[in-house]
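Structure first, commentary second.
The values are calculated or read from the model by the stated rules, or taken from the named source; none is laboratory data. Because the structure is a prediction, the values reported are computed rather than measured. Neighbour counts run over all protein chains shown; Cβ positions are idealised from the backbone, glycine included. The protein model used for the area step is the full one, side chains on, heavy atoms only, and it has no ligands, DNA or RNA in it. Shrake-Rupley method; radii C 1.70, N 1.55, O 1.52, S 1.80 Å.
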Amino acid sequence: MTGAQALALEEVDKRYGTVHAVRRLSLSLDAGEVLTVIGPSGCGKSTLLRLIAGLERPDAGRVLIDGEVAATERRSVPPEGRHVGLVFQDHALFPHLDVGRNVAFGLASLPRSQRAERVGEVLDLVGLAHLAGRHPHELSGGEQQRVALARAIAPRPAVVLLDEPFSSLDENLRAQVRADTLAALRETGSAAVVVTHDQDEALSLGDRLAVLRDGRVEQVASPREVYESPVNRFVATFMGEADFLPAHVHDALLTSEIGIVSTVPGWAHTDHDVEVVLRPHQVALRPDPGSSARVEGVEYHGAFVLHHVRLPSGRAVRSWQQHGVRHDPGTTVAVGVVPGSRPVLLSGDTALAGPPPEARR
Ligand code: ADP
Ligand code: MG
């Protein structure tokens, strides 16, 4: 391995009849990097993994794994010839083989003695050495998931592909299995693409996060950047809660129905209508009998309490309050922005990095 790119997709395109599942998609992964992929059901996440694995062929574009061309529209290296490991949602273990043999499955090219050694190593890594002789039906869901992971990483693939690997696990198991999986991937140094539909997972798991829609990458960046600086309305809405209010920037001061929102550096000498994206943690509330904004609903989430507020215009905003705080439905509240917040601005559906030329005055 060269320490360079573990994976590159170049303008990869895939259709199933009239369904355009993946649209000229480009993406790359450094060695050892973990990329999380999220997007609505049917947006092409599994197709993307299947194209990388060699279970589908692209109609156009190229797939490179570890610097070598794995697929073009004319030529496709079969899955077993690519340096990839696969983990599916249902784990897909061989029911008639014990754990050790399941893990040994991809190691046929190694001499027998080395095979046993490698099986021992990866079972240690996932904490299952004591269960090597069991069959899949004698394992819990979490254990099966770890066997599937061990099997995928045993041949030291350049890239491990995981398709919603934790979604069949109980909520209370998931966090632990997720942490263990990440640790095992870090330990083997394989790059990984992890598909998820869970927002918490998408934000906490990987080095970078790709948001897909309709066969295209809408944004790929660090999870924090995706959450704090979404490139458009879709990403803002899909990753985390977001409310939108018409707003106005005048000489670097951003105002909306709730009053002054913030200052916007770089917007001096401008006058422009925008929309402001408010995350619930950015919205401050204070009971105020004189206000005509009103709490409509309160959701207890344990550590935080989500308040749904109706503004005088009829628009709604949400606000996270600490667990001890509760403003009952019907309470009239003053709504503001938590000091220091820098909410994202939209023009149409696109986030603004700075003032557009027509905003200058
Ligand atoms: P996701 O994993 O994001 O839910 P998929 O990649 O499974 O989405 O599917 C993307 C689109 O391609 C969907 O519209 C799906 O119905 C379609 N699709 C996937 N596989 C096939 C197939 N083998 N034949 C026809 N259509 C398919
Ligand atoms: Mg899928």
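Among the candidates Val122, Val177, the residue that is farther than 28 Å from Ala8 by Cβ and in a helix (DSSP H, G or I) is uniquely Val177. Scanning region 95-120 for residues that are surrounded by 13 or more Cβ atoms within 10 Å (Cβ to Cβ) and touching a residue at least 24 places away in the same chain (Cβ under 8 Å) turns up Leu97, Asp98, Val99, Gly100, Asn102, Val103, Ala104, Phe105, Gly106, Leu107, Arg118, Val119.
Of everything in region 154-166 that is away from ligand 2 (no atom under 16 Å from the Cβ) and not hydrophobic (A, V, I, L, M, F, W, C), the residue that is most open to solvent (accessible area, probe 1.4 Å) is Arg156.
So, of the residues in region 185-200 that are away from ligand 1 (no atom under 16 Å from the Cβ) and in contact with a helix residue (DSSP H, G or I) (Cβ under 8 Å, 6 or more places away or on another chain), which turns out to be nearest to Tyr227 (Cα to Cα)? Top of the filtered list is Ala192. In summary, strands (runs of 3 or more DSSP E) completely within region 194-313 and bearing 1 or more residues that are open to solvent by 20 Å² or more (accessible area, probe 1.4 Å), farther than 30 Å from Thr331 by Cβ and in contact with a Gly (Cβ under 7 Å, 6 or more places away or on another chain) occur at 208-213.
Among residues of region 62-79 being surrounded by 20 or more Cβ atoms within 10 Å (Cβ to Cβ) and touching a helix residue (DSSP H, G or I) at 6+ places or on another chain (Cβ under 9 Å), the one that is nearest to Val211 (Cα to Cα) is Val63.
When Val69 is tested against (1) touching a Leu at 6+ places or on another chain (Cβ under 7 Å); (2) away from ligand 1 (no atom under 16 Å from the Cβ), only condition (1) is not met. When each of Leu64, Leu55, Leu48 is tested for being touching a strand residue (DSSP E or B) at 6+ places or on another chain (Cβ under 8 Å) and within 16 Å of ligand 1 (Cβ to nearest atom), the lone residue that passes is Leu48.
Of these, Leu139, Leu169, Leu123, Leu182, which one is surrounded by 21 or more Cβ atoms within 10 Å (Cβ to Cβ) and either within 21 Å of the chain's Cα centre (by Cα) or more than 16 Å from ligand 1 (Cβ to nearest atom) (or both)? Answer to the selection: Leu123.
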